[in-house]
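Let me begin by presenting the structure, written as structure tokens, before commenting on it.
The values are calculated or read from the model by the stated rules, or taken from the named source; none is laboratory data. Everything quoted here is computed from the prediction, not taken from an experiment. Because the Cβ atoms are built from the backbone with ideal geometry, glycine has one as well, and the counts that use them run over all protein chains shown. Note: accessible area is taken over every heavy atom of the protein model, side chains too, but ligands, DNA and RNA are not part of it. Shrake-Rupley method; radii C 1.70, N 1.55, O 1.52, S 1.80 Å.
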Amino acid sequence: MASDETDRLFIARPSDFVGERKILVKTLKATGRRQEAASIEKLPRPSLSTWATNQLARREPGLVKELGEVTARLQTAGSAPDYAGAVAQHRDLLRSLRARAEEILTEAGLRP
């Protein structure tokens with residue numbers, strides 16, 4: 001499956017997902033890609049939280065990567081100052097990601 005085909009599907013707002021999925025399935029079938037069409041046809045519409053998280057991962061990959069790194073630091077912090085610093089950074093990253101998620105939802109006409 002070409003990523004631009006599935007990207008279009010997962011960029012679509014949750015309310016548009018089923019319609020976009022039908023278009024993609026029809027296109028795949030028309031080009032003889034029936035097995036891929038069958039796989040796509042089974043994909044469920046993402047929940048709003050899943051959609052928002054997916055959009056964050058697409059639009060803010062640096063922040064998401066940094067969150068993973070800080071989370072790993074929290075798990076291996078050897079001293080109280082290291083842990084406290086990681087907790088503060090983790091909290092700030094979560095705050096930034098939440099604010100960005102609210103912006104993305106608002107831009108899409110969805111309620112945060």
Which one is least open to solvent (accessible area, probe 1.4 Å) among residues in region 63-112 that are within 30 Å of Pro46 (Cα to Cα) and not in a helix (DSSP H, G or I)? Ala108
Being under 13 Å from the mean Cα position of the chain (by Cα) and under 30 Å from Arg21 (Cα atoms) narrows it down to one of Ala52, Ala99, Ala38, so name that one. Ala52
Enumeration of residues in region 56-106 that are among the polar types (S, T, N, Q), touching a residue at least 12 places away in the same chain (Cβ under 8 Å) and under 30 Å from Ala12 (Cβ atoms): Thr71, Ser96
